[in-house]
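*Asks:* Shown below is the structure under consideration.
The values are calculated or read from the model by the stated rules, or taken from the named source; none is laboratory data. Model, not experiment: these values are computed from the prediction. Every residue, glycine among them, receives a Cβ derived from its backbone with ideal geometry; neighbour counts consider all protein chains shown.
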Amino acid sequence: MYANDRQVRTAFASQTLAASSLWRNMWRMTRTIGAALGCFTASMTLTLPTAYASEAHVPVFIAPADDSSLAGSLFLQELERAFLDLGLTLTDPRAIFSNDNDAAAQPRKGSGFGHLARSLTQQKQKGLLIETSLSQIETQRLLPILRAVSLPEGRLIASVASLDLAQGASRDELRVAAISLARRALRQMQDNSGDLDWAKGAAWASAEHEIRLKIENFNGCAQNYIVEEMETEFPGFVGIELVNATQSNYVEYRYRTTAKYQRLTKWLHIFFMEHQMVPERDFTMLYHKQTLRLILENGAKFGTGCNVS
């Protein structure tokens, strides 16, 4: 299942929407995850950072959702909050169109890209359009998808999907998916848009530093999965070096990053919860003197992808 999960992400990175439904019992964890997320949010509440602009003052737009469902509307709200929390300024498209006197250029539902591209071209300005959806992949299952396109040229700079959700997913589950998507998208944006400095002044970013990362009680499959996520999907990643792997259920790394410690732990919490793990019951995080310990508790299972005996 771990391989299938990676295939889903890889497929969407190549703009292929073929995916398998994973973690089918996730809906059963709604109440438990909701309670855990509530505790987690209360203990790590953040004031949304002051919006920053890159050197080019690039406006970021989120396309109106075509899905009129309550879930689609709530998902869009959670994505907006997630991007603001990562430090991206969100711009109302009307601010661009107000500078365009051509009534024909006013946006219409389902045609946001073309009109935004036209208006930005006329104003000799760059921009970023974020498009989202909750795509139904089979009966009663929804796949959260996000694409980020640079404007006006239309170059795809991010294409990500999270784990699929039940049709009646709770707002807490939508929030977890939104945070996960926003984080992964930001990483791809950093990797694929060197001409635009998305991380300048972001609240999550700091000077490069090293953390001693210890992964305890997880089996080899889960260890590799965690490290791959932190290496390929976390913004600010610089490098990682293996220090100790003398035991099957223990591994230690030197992890270099420009992301603040507080943001790393938040992203890791969301990552584990996305895989049906409850904080303090199934896993614990401890941090002391630049050492971060990720500890599997009570023989819990890492979702269904990497069974731990």
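Results for (1) of a type in the set (Ser, Thr, Tyr); (2) surrounded by 21 or more Cβ atoms within 10 Å (Cβ to Cβ); (3) assigned to a strand (DSSP E or B), shown as yes or no for each residue.
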| residue | (1), (2), (3) |
| --- | --- |
| ILE215 | no, yes, yes |
| GLU228 | no, no, no |
| PRO235 | no, yes, no |
| ARG256 | no, no, yes |
| THR265 | yes, no, no |
| LEU268 | no, no, no |
| MET273 | no, yes, no |
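*Asks:* Can you tell me which residues in the stretch 120-168 are part of a strand (DSSP E or B) and β-branched (Val, Ile, Thr)?
*Replies:* Restricting attention to the stretch 120-168, the residues satisfying the condition of being part of a strand (DSSP E or B) are 127-138, 141-151, 155-161, 165-166.
Once the filter is applied, which keeps residues that are part of a strand (DSSP E or B) and β-branched (Val, Ile, Thr), the stretch 120-168 yields ILE130, THR132, ILE137, ILE145, VAL149, ILE157, VAL160.
*Asks:* Given the structure, is THR121 within 26 Å of LEU174 (Cβ to Cβ) and at pLDDT 55 or above?
*Replies:* No.
*Asks:* Residue under question is LEU294, and the condition is that it be farther than 23 Å from ALA161 by Cβ, in contact with a Lys or Arg (Cβ under 8 Å, 6 or more places away or on another chain) and buried (at least 21 other Cβ atoms within 10 Å of the Cβ); does it hold?
*Replies:* So LEU294 fits the description; yes.
*Asks:* For the stretch 241-249, indicate whether the set of residues that are in contact (Cβ under 8 Å) with a residue 40 or more places away in the chain and either part of a strand (DSSP E or B) or out of contact with any helix residue (DSSP H, G or I) (no Cβ under 9 Å at 6 or more places or on another chain) (or both) is non-empty.
*Replies:* No, every residue in the stretch 241-249 fails to be in contact (Cβ under 8 Å) with a residue 40 or more places away in the chain and either part of a strand (DSSP E or B) or out of contact with any helix residue (DSSP H, G or I) (no Cβ under 9 Å at 6 or more places or on another chain) (or both).
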